[in-house]
1. Condition check: within 19 Å of the chain's Cα centre (by Cα) and either at pLDDT 95 or above or assigned by TED's automatic domain parsing to the domain that holds I10 (or both). Does H84 satisfy that?
2. Can you tell me which residues in segment 156-181 are at pLDDT 95 or above and farther than 29 Å from E256 by Cβ?
3. Filter segment 201-227 down to residues that are in contact (Cβ under 8 Å) with a residue 60 or more places away in the chain and not hydrophobic (A, V, I, L, M, F, W, C) and give me whichever is surrounded by the most Cβ atoms within 10 Å (Cβ to Cβ).
4. Out of the residues in segment 151-174 that are of a type in the set (S, T, Y) and surrounded by fewer than 20 Cβ atoms within 10 Å (Cβ to Cβ), which is nearest to the chain's Cα centre (by Cα)?
5. Could you list, in sequence order, the residues of segment 192-230 that are closer than 17 Å to C162 by Cβ and among the aliphatic types (A, V, I, L, M)?
6. Quick check on segment 251-261. Is at least one of its residues within 23 Å of the chain's Cα centre (by Cα), closer than 22 Å to V154 by Cα and hydroxyl-bearing (S, T, Y)?
7. If I filter segment 100-107 for residues that are part of a helix (DSSP H, G or I) and at pLDDT 95 or above, do I get at least one hit?
8. Being modelled with pLDDT under 95 and among the aliphatic types (A, V, I, L, M) is the filter; apply it to segment 239-258 and report the residue that is surrounded by the fewest Cβ atoms within 10 Å (Cβ to Cβ).
Amino acid sequence: MAVSPASRCIRWGICSAGHISNSFASALGSMPPMEHKAVAVAARDLSRAQDFAKLHKITNAYGSYEELAKDTNVDVIYIGTATHEHCRLTLLMLNHGKPVLCEKPLASNLREAQEMISLAKEKKLFLMEGFWTRFFPASYKLMDEISKGTIGEVKLIETIACRCYKGTVPEKFASLELSGGAVTMMGCYGIQYCSMIFGERPVKIAASGHLLDSGADGQTVVVLTYSNGRTGIVKAMINVSTPMNVTVYGTEGSMEIGPIQWCPVEVKTPTETFTFPVPDTATELKSPNKGGFHYQAEAVRQCLLKGELENSTMPHEHSLWNMEILDEVRRQLGVRFPADDKYSVDK
């Protein structure tokens, strides 16, 4: 599906009225209205959808995802639900002819991701995993400096992502039913940095960690071994407080991107520091750098205008690599999601 150049405004449907969808819609609301417009939102609770629609000046609010899928005034769907719903809802939207931007991680497991990508190709519809990180100017700058040989040949990537919860751990991190856990929710960012920079699958995956009482992982360290003596170290923890940048080590120096790895605004090379302030959002948000959703939304718009079925910055192949790594990490940790055994498909 390509959007006609004559109607260059992309009409978004928002699937879920939760926290991340709120951030995405707020970013859309501050973008040029002739280019991006949120026109519909759906949630399982109609009142939540209506409140969301009022906040973000969205015309249509639905109490079911099926109603959103059938809305003919929507050009593309943004899915911001918990991970366990990503596959079902993506398949639902694709089967109703809707291109999809689905939040990270793309699915609960590799099997689901393969199903989603296969259907998108069969339907000739756009599908992208929502790793907004890749579209930040800081990420492009990092890759540019690497390609220029600023630090020589990259040999090691070290990342850490953490949240320190002193009380009850939020359900999205603790629940196996929601396909949660530290590595799935936060470690995925470090994994995608390794995929992005090294540009290939690892030849070896080693993981260790500690599990929560729920059975989900709460502290995980992953060592990814790549060809030509290269290594990625990914740490994900929900019980520590630490800087959350990414350090890239090369044969002639090192670079850092951060200060928060999933929404980076700064790149430090051996000789310079580059900063990239993010755009404002339409509503005030507590979460940092949420204006960065601008970059991802515009990347999707450009793909739709050109009739492209996947984005070269976040290609399907990288999504499959990431899911394959996450599956193997969970296997080694002894973490199994209900989605690994069964998931429903709405046709």
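1. Working: within 19 Å of the chain's Cα centre (by Cα): yes; either at pLDDT 95 or above or assigned by TED's automatic domain parsing to the domain that holds I10 (or both): yes.
Against the criterion (within 19 Å of the chain's Cα centre (by Cα) and either at pLDDT 95 or above or assigned by TED's automatic domain parsing to the domain that holds I10 (or both)), H84 qualifies.
2. Within segment 156-181, S175, L176, E177, L178, S179 qualify.
3. Kept after step one, since they are in contact (Cβ under 8 Å) with a residue 60 or more places away in the chain, are these residues of segment 201-227: 201-202, 205-209, 211, 215-217, 220, 222, 224.
In the following step, the residues that additionally are not hydrophobic (A, V, I, L, M, F, W, C) were identified as 201-202, 208-209, 215, 217, 220.
Details: R201: 18, P202: 23, S208: 12, G209: 22, G215: 15, D217: 28, T220: 26.
Among those residues, the one meeting the criterion is D217.
4. Here is the first cut: in segment 151-174, the residues of a type in the set (S, T, Y) are 159, 165, 168.
Okay, now just the ones that are also surrounded by fewer than 20 Cβ atoms within 10 Å (Cβ to Cβ), so 165, 168.
On the way: Y165: 22, T168: 25 Å.
If we take residues in segment 151-174 being of a type in the set (S, T, Y) and surrounded by fewer than 20 Cβ atoms within 10 Å (Cβ to Cβ), then Y165 is nearest to the chain's Cα centre (by Cα).
5. A207, L211, L212, A216, V221, V222
6. no
7. Just the residues of segment 100-107 that are part of a helix (DSSP H, G or I), to begin with: none.
No: segment 100-107 contains no residue that is part of a helix (DSSP H, G or I) and at pLDDT 95 or above.
8. V240
The values are calculated or read from the model by the stated rules, or taken from the named source; none is laboratory data. What you see is a predicted model; the values in this text were computed from it and never measured. Cβ atoms come from the backbone with ideal geometry, glycine included; neighbour counts cover every protein chain shown.
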